[in-house]
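The values are calculated or read from the model by the stated rules, or taken from the named source; none is laboratory data. Given the structure is predicted, the values throughout are model-derived calculations rather than measurements. Neighbour counts run over all protein chains shown; Cβ positions are idealised from the backbone, glycine included.
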């Protein structure tokens, strides 16, 4: 596993990369004032995550989910049972979540708090029916809605490429200097600024909905390889 740390005024964001069968990225938000922690999309290694948080002298109080896919939530119930942490998910994702513990729901523009740290909810359906992103001070935790120079597929229940197009339009409005953090490390860089994504991620560069849907459903998978590299406008126009 690879680990990166970003220290801000009220919190520290730590990320474990390449966790489990599908090499997920697991995000830990440590609130300095309250010594509490939120974990985003915990999967595969419940005891490892709990121990990591405990060893730092923090208490795990919150589990924040971006979407329902099993590789992002298969450790949720185990962690909640062992720690009593509360679970938060987007309201439109509830029909798809196979979780036995109670779930708090959030909607677009809601705020979730962890001690002195807050995150704004951005509804970003398309990859799933009710996916959300968490926008903190300086950082966007996007799950699989947006990848470094890519975006989530639209192949499973609840997915819709037309809906994803409108989610991408919302993400274009995020300030350029915000750092993007994704559910998987699929890009040529492990993280980037939103400015870099707006100028090199095809899913943020296509302004026409029909072109976007055709690109997502029929062009993208056959035209690009991992790790994802930035795309020029000229190269993208040629594909369209």
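Annotations
- Pairs with Cβ under 8 Å, 6+ apart, first in region 159-181 and touching a residue at least 12 places away in the same chain (Cβ under 8 Å), second surrounded by fewer than 17 Cβ atoms within 10 Å (Cβ to Cβ) and in a loop (DSSP other than H, G, I, E, B): 159/153; 177/138; 178/138; 179/138
- Candidates in region 99-117 are the residues that are out of contact with any helix residue (DSSP H, G or I) (no Cβ under 8 Å at 6 or more places or on another chain) and surrounded by 16 or more Cβ atoms within 10 Å (Cβ to Cβ); of these, the one that is farthest from residue 155 (Cα to Cα) is 115.
- Residue tally, condition assigned to a helix (DSSP H, G or I) and touching a strand residue (DSSP E or B) at 6+ places or on another chain (Cβ under 9 Å), over region 200-240: 6
To keep it simple, each residue is scored yes or no on (1) assigned to a loop (DSSP other than H, G, I, E, B); (2) under 24 Å from residue 191 (Cβ atoms); (3) modelled with pLDDT of 95 or more; (4) within 16 Å of the chain's Cα centre (by Cα).
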site: 9; (1), (2), (3), (4): yes, yes, yes, no
site: 15; (1), (2), (3), (4): no, yes, yes, yes
site: 52; (1), (2), (3), (4): no, yes, yes, no
site: 66; (1), (2), (3), (4): yes, yes, yes, yes
site: 93; (1), (2), (3), (4): no, no, yes, yes
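- For region 7-17, the candidate set comprises residues that are touching a residue at least 40 places away in the same chain (Cβ under 8 Å) and under 20 Å from residue 65 (Cα atoms); within that set, the residue that is surrounded by the most Cβ atoms within 10 Å (Cβ to Cβ) is 11.
- Scanning region 118-169 for residues that are touching a helix residue (DSSP H, G or I) at 6+ places or on another chain (Cβ under 8 Å), more than 21 Å from residue 202 (Cβ to Cβ) and crowded, with 17+ Cβ neighbours inside 10 Å returns 123, 129, 130, 132, 158.
- Hey, residue 22 closer than 19 Å to residue 191 by Cα and part of a loop (DSSP other than H, G, I, E, B) or not: yes
- None of 57, 84, 20, 90 is in contact (Cβ under 8 Å) with a residue 40 or more places away in the chain and at positive phi except 20.
- Residue within region 69-84 that is surrounded by fewer than 17 Cβ atoms within 10 Å (Cβ to Cβ) and outside any helix (DSSP H, G or I) present: yes
- Selected residue (criterion: farthest from residue 105 (Cα to Cα)) from residues of region 116-143 that are free of Cβ contacts under 8 Å to residues at least 40 places away in the same chain and assigned to a strand (DSSP E or B): 118
- Conditions (1) surrounded by fewer than 16 Cβ atoms within 10 Å (Cβ to Cβ); (2) touching a residue at least 40 places away in the same chain (Cβ under 8 Å); (3) touching a helix residue (DSSP H, G or I) at 6+ places or on another chain (Cβ under 7 Å); (4) farther than 21 Å from residue 128 by Cα: number failed by residue 230: (1)
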